[in-house]
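Heads up: the structure comes next, in structure tokens.
The values are calculated or read from the model by the stated rules, or taken from the named source; none is laboratory data. Here the structure is a predicted model, which is why all the values come from computation and not from measurement. Cβ placement follows ideal geometry from the backbone for every residue including glycine, while neighbour counts extend to all protein chains displayed.
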Amino acid sequence: MKSKDLSQNLIEQVNTAISNKSPIKITGGGSKTFYGNNVDGETISTADHTGIIEYQPSELVVTVRSGTLLGELEAELKANNQMLAFEPPQHSAGTTIGGVIACGLSGPRRAACGAARDFVLGTTIINGKAEKLRFGGQVMKNVAGYDASRLMVGAQGTLGVLLDISVKVLPLNESEVSLKLNTGAAESGKKIQQWIRQGLPITASCFLKDTLYIRLGSTHSAVKQSLAVIRRDFTNEEIDNDFWLQIKNQQHEFFSRTDKLWRCSHQVTSELYEQSQDQLLEWNGALRWIHSDKNLHTIAEQHGGHAQRYPLAGGNEQSDIFQPLSPGLAKIHQRLKQAFDPDNILNPGRLYSNL
């Protein structure tokens with residue numbers, strides 16, 4: 001089926017749902033069913049809405065249909081010496097770029113380059129009124145007023161069915177080296193901040209079990225000079241990129257225990273509030289994966305952050321995945337939902353039971 005026919009078919013499905021006042025469960029590759037509350041409704045899929053619409057490597061922008069496999073898109077970019085700089089996780093071979101953007105997930109490079117939201121320039125969606133809408137563009141200067149395209153990042157389909165996405169890409173680094181160092185959690189955080197102030201091109205960091213892993217990425221000369229700085233303070237061991245793929249795709253042994261796994265975001269200077277041996281720290285200390293029996297929503301809020309349950313294995317039966325919204329934020333979410341999806345048919349309850 002041609003792309004135009006596919007998008008029209010999706011519009012017709014949304015129109016039918018509006019007429020029947022029946023909820024819609026939006027799916028793509030199905031690799032992120034764990035990330036959000038269960039949705040009961042008629043399934044509509046973007047899995048066949050695939051392909052790169054426009055890609056001029058010299059412009060550093062790619063426009064792609066939402067059902068395109070993440071692995072296929074990354075392979076095309078790599079062939080042109082480019083990358084998705086926010087380094088999104090690929091939870092399975094079926095992971096799509098639409099699912100990545102809808103869930104708003106970013107990988108190890110996020111602290112150095114920015115989050116998924118920072119790279120979305122434009123989107124085409126079907127809203128809850130069965131209208132096909134285009135937001136943003138293909139260059140940063142086209143974004144004026146309210147940047148509705150970035151509202152779709154992390155909305156998990158509650159505001160619209162993603163059809164197409166325009167994403168800014170970046171060149172691959174000329175040189176990249178990863179190191180493994182022995183140190184404590186507190187010292188590792190201080191050292192990373194010191195190295196960043198010194199201008200070291202740290203593109204990823206991970207602390208786990210008294211071991212700090214860092215990745216340097218830049219020109220050959222900048223990486224070489226940075227290695228000399230680090231080696232003045234630490235003995236180290238070089239590691240290959242397989243480690244970062246395991247962290248990015250949440251396939252490292254640490255993630256094998258999924259029943260009590262939390263994903264917590266904080267300022268890098270926030271104190272640790274769980275035993276460090278049960279934590280994996282990324283983003284220079286700002287992202288903390290924690291195994292805990294406690295409800296970390298309240299504890300994270302007390303430390304100025306937020307927490308999410310992260311049950312990687314299988315489906316999800318929880319109803320309190322995400323950090324509860326403050327009254328002010330809840331009103332904003334409700335108004336956005338009313339504007340984009342007045343009949344509340346698009347993935348209702350996926351993020352919060354009352355949205």
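Overview of results
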| quantity | calculated |
| --- | --- |
| Tally of residues being charged (D, E, K, R) and assigned to a helix (DSSP H, G or I) across segment 7-40 | 1 |
| Residue that is small (G, A, S), within 23 Å of A112 (Cβ to Cβ) and out of contact with any helix residue (DSSP H, G or I) (no Cβ under 6 Å at 6 or more places or on another chain), where the choices are G71, G51, G41 | G71 |
| Looking only at segment 17-42, and only at residues there that are of a type in the set (G, A, S) and over 19 Å from the mean Cα position of the chain (by Cα), the one that is surrounded by the most Cβ atoms within 10 Å (Cβ to Cβ) | A17 |
| Qualifying residue in segment 320-335 (condition: touching a residue at least 60 places away in the same chain (Cβ under 8 Å), closer than 23 Å to G41 by Cα and among the acidic types (D, E)) | no |
| Failed item in (1) modelled with pLDDT under 90; (2) touching a strand residue (DSSP E or B) at 6+ places or on another chain (Cβ under 9 Å), with C264 passing the rest | (1) |
| Residue in segment 138-148 that is assigned to a loop (DSSP other than H, G, I, E, B), assigned by TED's automatic domain parsing to the domain that holds A47 and at pLDDT 95 or above present | no |
| Every residue from segment 221-240 that is surrounded by 14 or more Cβ atoms within 10 Å (Cβ to Cβ) and assigned to a strand (DSSP E or B) | I239 |
| Hits in segment 34-86 (condition: among the polar types (S, T, N, Q) and within 23 Å of G157 (Cα to Cα)) | N37, N38, T43, S45, T46, T50, T63, S66, T68 |
| Positions within segment 198-212 being surrounded by fewer than 22 Cβ atoms within 10 Å (Cβ to Cβ), within 26 Å of Y273 (Cα to Cα), under 26 Å from the mean Cα position of the chain (by Cα) and of a type outside the set (V, I, T), in sequence order | L208, K209 |
| Failed criterion for K2 (all others in (1) of a type in the set (D, E, K, R); (2) in contact with a His (Cβ under 7 Å, 6 or more places away or on another chain); (3) at pLDDT below 95 hold) | (2) |
| Any chance V14 is in contact with a Gly (Cβ under 8 Å, 6 or more places away or on another chain), in the same structural domain as V120 (by TED's automatic domain parsing), crowded, with 16+ Cβ neighbours inside 10 Å and under 20 Å from L133 (Cα atoms) | yes |
| From the options S166, S178, S92, residue that is surrounded by fewer than 23 Cβ atoms within 10 Å (Cβ to Cβ), in contact (Cβ under 8 Å) with a residue 24 or more places away in the chain, among the hydroxyl-bearing types (S, T, Y) and not in a loop (DSSP other than H, G, I, E, B) | S178 |
| Which numbered condition V62 fails, given (1) under 18 Å from the mean Cα position of the chain (by Cα); (2) without any contact (Cβ under 8 Å) to a residue 60 or more places away in the chain | (2) |
| Sole exception among (1) in contact with a Lys or Arg (Cβ under 9 Å, 6 or more places away or on another chain); (2) closer than 23 Å to Q308 by Cβ; (3) not in a loop (DSSP other than H, G, I, E, B) for Q156, by number | (3) |
| P108 touching a helix residue (DSSP H, G or I) at 6+ places or on another chain (Cβ under 6 Å), over 20 Å from S218 (Cα atoms), in contact (Cβ under 8 Å) with a residue 60 or more places away in the chain and crowded, with 16+ Cβ neighbours inside 10 Å | no |
| Positions within segment 41-74 being of a type in the set (S, T, Y), part of a strand (DSSP E or B) and closer than 30 Å to T16 by Cβ, in sequence order | T43, S45, T63 |
| Breaking point among (1) surrounded by fewer than 19 Cβ atoms within 10 Å (Cβ to Cβ); (2) farther than 11 Å from L179 by Cβ, for S218 | (1) |
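Residue-by-condition table, conditions (1) surrounded by 19 or more Cβ atoms within 10 Å (Cβ to Cβ); (2) over 21 Å from Y273 (Cβ atoms); (3) at pLDDT 95 or above:
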| position | (1), (2), (3) |
| --- | --- |
| G314 | no, yes, no |
| S319 | no, yes, no |
| R335 | no, yes, yes |
| L346 | yes, yes, yes |
| Y352 | yes, yes, no |
